[in-house]
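Nothing in this text is a laboratory measurement; each read-out follows from the coordinates by a stated rule. Not measured: the values here are computed from a predicted model. Cβ coordinates were reconstructed from backbone atoms using ideal geometry, including for glycine residues, and neighbour counts include every protein chain displayed.
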Amino acid sequence: MQVKDSFQASLQNISSHFLRSLLTLLGIIIGVFAVVTMFSSIYGIKQLIKDNMEGMGWNNSVIIYPSTGNEDGGHFRSRRMRFRYIRREAKPLTLTDYLMLQKEINTKYIYGMVESYEKFYHAQKDFNVQLRATNQDFFLTQTYPLAKGRYFNDYEINNAAKVCVVGYHFANEHFADQDPLHRNIKIGNNVYRIIGVLDLDILNKGGMNFNPWQRREDLKAVYIPLSTGAKYLRNYDAIDYIYLQSRDDFSFRKMKNDTYQKLLAKHSMTHDFAFNDVGALMLKITEEINDRMEKWNITLSAIASISLIVGGIGLFSTLLISINERMMEIGVRKSIGATDFDIFLHFIMEAVILALIGAAIGIMISSLLVKVIAVALKTNFPIPLPGILLGISFSLLIGIISGFYPAWKASKIDPIKAIYYFE
């Protein structure tokens, strides 16, 4: 008997006992469903964390700031606290340093930053607002899109123009019933024209909670070109820090080394700047998260596999019972020339087909559930190929193991006794 014939005969037998086959498959369906769902959930969470770390500009990045004389180079502090303890005599970073690095270092994103709290005069009142000088790459690294208007253009950046982009919460608080675009606002001693308004935080939509306090503060701030901040908020074109992000993991070390060498040469070999290696810290955190997730994945997959084992036992029992029901068939097949291997192949094929059907149903149910969860959370939970392959492999293994003994037993039945079994 050929493989094709065994396959067709197996499908015919499964369809003729549909309800029994379905009940036999329940354990395998539940097991594959659990394995694929657990695998997909862990993978989805890892991907979500990775994407949002990238969305906050934390991956493969370094921050350069004036030296305080006692940096450890790797301690990560909030942007608001990072410059509080810089020595007054430390030589500052300048706009020229930033422009040199922007031109000579291969980066994915680079921006400088000047931060200052100033008085904002509006409606005969004054408010404390954070005024930040930076460039477009800041908005890209932090995933802050525009609700209306535009970012700074090259003319405004090169000529220290007094224009600004305001955060969503700033606009909502002070111009709730008005269009803030093209209005002039007075902050500190300068008047700025609003050319753009940032949109709501897209990173934390759908109930996510990634650094929400800092991101809300970002959207309450007012942003001006870096050249404008260096000219009007600092002396000697000084800036507070420079952020650089490499294009990928492989180019990160080279970017950092090149930046160090360029700045050292620019500062006459004086170590008056320091690196905050955010990328290394985030890499360490990511590795720890991945390690914990992998352990959870193994544990949950092992627990979910119990259902597959139970399903295999059910499949084993059903095949053993079906041998007695099909004695006449076995006897007839052998009497017309079927070999022991043909009978063995027929039964093992039936077991494997049942297991794979159960795997397919389990994967479909799992995929549907994961999609529903993704829609509910307003995020993306992919169905990873390794999870699908794991479920199929488990099912295939269970089918072969469960079907081996019944198939072997059926193949060894004497054809004469099989034909007269019911008489």
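Net charge in the neighbourhood of ASN106 (other residues with Cβ under 10 Å of its Cβ; Lys, Arg +1, Asp, Glu -1) is +1.
Can you work out the FRET efficiency for the pair ILE45 and TYR405, with r the C-beta to C-beta distance and R0 = 35 Å, to the nearest 0.05? Walk me through the intermediate numbers first.
Working: r = 40 Å, r/R0 = 1.15.
For ILE45 and TYR405, the calculated efficiency is 0.30.
Let me make sure I get this right: for segment 91-271, a, b and c are the square roots of the gyration tensor eigenvalues over alpha carbons, sorted descending. Under 1.5 in a/c it's rounded, otherwise prolate if a/b > b/c, else oblate. Which is it? Since a/c reaches 1.5 but b/c is at least a/b, the shape of segment 91-271 is classed as oblate. With respect to the cross-link table entries LYS119/LYS262; LYS125/LYS231; LYS119/LYS256; LYS186/LYS266, which display a Cα-Cα separation exceeding 31 Å? Violating the 31 Å Cα-Cα cut-off are LYS119/LYS262; LYS119/LYS256; LYS186/LYS266.
Between the listed residues ASN235, LEU200, VAL165, the Cα displaced farthest toward the positive end of the dipole of segment 91-271, a dipole computed from Cβ unit charges relative to the Cα centre, is found at ASN235.
Cβ crowding within 10 Å ranks PHE175, PHE250, PHE33, PHE127 as PHE250, PHE127, PHE175, PHE33, fewest other Cβ atoms first.
Which order do peptides 132-145, 334-347 fall in by mean Cβ count within 10 Å, highest first? Write down the numbers at each step before the final one.
Values: 132-145: 20.4, 334-347: 17.0.
Result, highest mean first: 132-145, 334-347.
When GLU173, GLU350, GLU156 are ordered from fewest to most other Cβ atoms inside 10 Å of their Cβ, what list results? Kindly include the intermediate steps, with their values, before the conclusion.
Working: GLU173 14, GLU350 27, GLU156 18.
Lowest count first: GLU173, GLU156, GLU350.
Which one, ALA360, GLY403, PRO386, projects farthest toward the positive side of the charge dipole computed for segment 309-423 from Cβ point charges (K/R +1, D/E -1)? The listed residue farthest towards the positive side: PRO386. For segment 91-271, the relative contact order comes to 34 percent (Cα pairs under 8 Å, sequence separation of at least 6).
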